4 protein chains.
Amino acid sequence: MFILINLKAYPADPVAIASAAKEVADASGARIAVAPQAADLAAVAETGVETWAQHIDPNDPGSHTGSTLAEATKRSGATGTLINHSEQRLRLATIDATVQAAERVELETCVCANNPAQIGAVTAFGPDAVAVEPPALIGGDVSVATADPDIISNAVTAAAEVNAETAVYCGAGISSGDDLETASELGATGVLLASGVAKADDPQATLNSLVEPVSWITLSSRVSFSFSLCSGYQLLVIRFLYPVHTTIDILLALKGDVLALHLP
Amino acid sequence: MFILINLKAYPADPVAIASAAKEVADASGARIAVAPQAADLAAVAETGVETWAQHIDPNDPGSHTGSTLAEATKRSGATGTLINHSEQRLRLATIDATVQAAERVELETCVCANNPAQIGAVTAFGPDAVAVEPPALIGGDVSVATADPDIISNAVTAAAEVNAETAVYCGAGISSGDDLETASELGATGVLLASGVAKADDPQATLNSLVEPVSWITLSSRVSFSFSLCSGYQLLVIRFLYPVHTTIDILLALKGDVLALHLP
Amino acid sequence: MFILINLKAYPADPVAIASAAKEVADASGARIAVAPQAADLAAVAETGVETWAQHIDPNDPGSHTGSTLAEATKRSGATGTLINHSEQRLRLATIDATVQAAERVELETCVCANNPAQIGAVTAFGPDAVAVEPPALIGGDVSVATADPDIISNAVTAAAEVNAETAVYCGAGISSGDDLETASELGATGVLLASGVAKADDPQATLNSLVEPVSWITLSSRVSFSFSLCSGYQLLVIRFLYPVHTTIDILLALKGDVLALHLP
Amino acid sequence: MFILINLKAYPADPVAIASAAKEVADASGARIAVAPQAADLAAVAETGVETWAQHIDPNDPGSHTGSTLAEATKRSGATGTLINHSEQRLRLATIDATVQAAERVELETCVCANNPAQIGAVTAFGPDAVAVEPPALIGGDVSVATADPDIISNAVTAAAEVNAETAVYCGAGISSGDDLETASELGATGVLLASGVAKADDPQATLNSLVEPVSWITLSSRVSFSFSLCSGYQLLVIRFLYPVHTTIDILLALKGDVLALHLP
């Protein structure tokens, strides 16, 4: 599960939150990124945390005063960018051009959209990920778990129909570890958070409480067993599936009364 | 004469140009600032050169993903910002709000506009400076010296009628030391440059050639003499007027056959 | 007092309101105009009421799909246009260009703005009128009479300092005849109304109640007397000042016991 | 083949062109529509020609000064609207909302886009038609026949993959009957024209020359034969396929030496 913390233009200290996120990510193994304002990118990247831009302009280098280009964003230390966030909606052709601009410098991309139809539409531009932001959940206190969850699963389906490789994130309605699990169960492989962390009294504690279910509860609910026979051995593989795209396999091999255990 | 180098979104190395500008400013005493993209502000400010933003958003802190606020701009090390550049034209109410946002964190402001009527209009919002960008000169090779110069002097008049304290810069048509002198003679107290420096093979040499007339030619053309009698002394003050808001006075005092010379 | 009814995009029937406004204007002598959506201009103009556009585009004729040009607006029967309404804020340079586009076909212009500083700014572009829309009054139920009235009188002053010939309208906070009188006393010579008429159960009755004070109360409060002697006659001129730019003079001439009365 | 004439903001007389289009449509049986500026919709619709808007706003009725709503557009007599024309590019979410606004009042919709990826994206919103406007062809003299034609056929494929019922129009590069045929052969079932008609010295003659191949050349190249035996008769059906969605069948029945001909 990828956790992207969008600092928006909140009055929070971006470096303090970035440092906290870096510590939680290192301690838990979870993938956590922080997206500050453009002028704060360099300071955030310097903490070592995975750094994303909130927005980049679609232009090629040239006479575009006031633009923030993919090149400058990359140079500042960022490795990814949001595109078409609900607070920064773009023209269709601009989304297309911005995805291409990000690819030009190998920035990872996540295009946001309102509903399954729009998610299907933006997946056509080939971003690495898409994030569905149901308008009913944006900026509110409604949790994705209590609101109509079909919009997430329908977005997962809509994206998969266009390109099965595109990751789908849940872009709104996440403020607790439970929400994060719900999003995961609905098929999302990442979440966008904002005020839940950026306005928290203790961002690091909030991040820890978010990551806990990723590390533990999700772990225990994601064990798979496969059984096979091979050269007279009974083999049992217990696979622990982390949401963060890693697996741990424990192998038990039984032959007669000999039990061999292979730990990772 | 204030020299503001707008790096736009050119492919130039912002830190290299900033370092060159810093050296020329230090060596010549001229006031030179560099305006990079938002994501490059911190790296440019670290060179020690006066750093300006190309644009800031008018918002108060809050939920504004993709905005660059006055607060973040200030935090990055910038001390001023352009507003309403010809490549980033703003709504009237946004110009008003942006000037106020900059004042909130004490960023210096320069609002750009097309013609004397617009210059008069934006001066009403109380920025520190306004910059006139005649459309005929924007982005072209036409020099302010050869084009119709009335637009600059009319802009100076239009601004002065609204607020005599507002500095007026020449926002286009400047690429040489001669242009800089012409702008000064038309009443501008600063200039905006972009490609002339940012695309130069040797930006430092270009900057030196720009600053030279400020240091020398302008010097020789700006000498004033004042003569007086005081306690039996004949006093001659020779005042050298720098465009960069400094003066050097040399005092000759003659009584009988005694000549006293007072150097600065 | 000029009354401009902005129909916005309300679900009201534009032709019914236009017909009602035409009747009230004819019966009262008040100047009343109706501003419908662009696609409704022709139908509204056909009723004979003074017709204004809510917005025009600044372009010259050419390749601008989806624009509504001054030329097409004029052709549809409109004689004036709002510019920079609070729901259609424009870039500074666009306001400048739109005023010029309207002048190209002799459409009357009224540029809206938020506060006295902005009113001063837009007056510099030479529109026929400006309308101040204090943000606190826009779209709400607060009356201009109960809110801070200084913003109107300061806007009148700000406009007069730039161009004494520019009419100043009150663009928000008007829903009754009393508001209209207050606006008039604060120096406005016109008002913009929207929901007060467009959402009224009986728009014609509402318009009549608005116009009444213009016709009567304002009349009685606007009588002036001038007294003079001429060829042995004592002359008394009683002048009734209508807000709609007309005056009625009654002349009494007295000589000895002869009284002559001259009615208009 | 549907021919949509976009009058843009050209200085042409919209009523004269609409009348000419109406006559050619009536005489030829071809489907021809005219899209004028919003303020000209009523006058164009009055000629009886099929009338389209160039753009509508996505809003529901309400406080949206300067908007042109689907409701007002329909009321003026229009029956369809372009959306996201290359001169009026919209945000992704706005395209989605505008298609829905048009459906609210049963306006036919045609969403424009630049390339096959974008065509696939906008088809997801369920418009009646999409129009591909290759940037290389927009506003130029390059014909779709001489430029890379793959972009049209790829757009047809991209749309069909999302929704096979969506019509695909060729939105640029059309100025002659030959271009129209080429577009048809590439799979388009309609074309958008602008300057070719709107700036023509004799728009009616131009329209006739466009429609001619639709009526004749296309006819002769689109004959199909089907042969069958039925109750001792040899049946030959000669079907003429019009691009305008109509067919004409001629039936020849032969038995012994009896030939029966059935004309439509």
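Tabulated data for the structure shown
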quantity: Local electrostatic count, A:Cys170, Cβ distance below 9 Å [Lys/Arg +1, Asp/Glu -1]; calculated: -2
quantity: Estimated dipole of region C:2-221 in Debye, rounded to 20 [Cβ of Lys and Arg +1, of Asp and Glu -1, Cα centre]; calculated: 460
quantity: Region B:27-116: GluC sites (Glu not before Pro) in DSSP coil with no more than 13 other Cβ atoms inside 10 Å; calculated: B:Glu106
quantity: Pairwise label distance in nanometres, A:Asp141 with D:Asp26, each label 7 Å out on the Cα-Cβ vector; calculated: 6.6
quantity: Neighbour-count order for A:Lys22, D:Lys255, fewest beta carbons within 10 angstrom listed first; calculated: D:Lys255, A:Lys22
quantity: Residue order, fewest to most surrounding Cβ atoms within 10 angstrom, among B:Ser28, D:Ser231, D:Ser76, D:Ser209; calculated: D:Ser231, D:Ser209, B:Ser28, D:Ser76
quantity: Net charge of neighbours whose Cβ lies under 11 Å from the Cβ of A:Gln37, counting Lys and Arg as +1 and Asp and Glu as -1; calculated: -1
quantity: Neighbour-count order for C:Phe2, D:Phe125, fewest beta carbons within 10 angstrom listed first; calculated: C:Phe2, D:Phe125
quantity: Centre separation in Å (Cα based) which lies between region C:153-218 and region B:115-170; calculated: 36
quantity: Taking all pairs of distinct alpha-carbon atoms in region D:2-221, Kirkwood radius in angstrom; calculated: 17.2
quantity: Region D:53-103 and region C:47-68: distance between their alpha carbon centers, rounded to Å; calculated: 16
quantity: Surrounding net charge for B:Phe2, when Lys and Arg each add one and Asp and Glu each subtract one, Cβ distance under 11 Å; calculated: -2
quantity: Pairwise FRET efficiency - C:Tyr233 versus C:Gln88, Cβ, R0 = 60 Å, nearest 0.05; calculated: 0.55
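Values quoted throughout were computed directly from the atomic coordinates according to the rules given, and no laboratory measurement underlies them. Please read these numbers as outputs of a predicted model, since none were measured by experiment. A quick note on method: Cβ atoms are made from the backbone with ideal geometry, for glycine too, and the neighbour counts reach across all protein chains shown.
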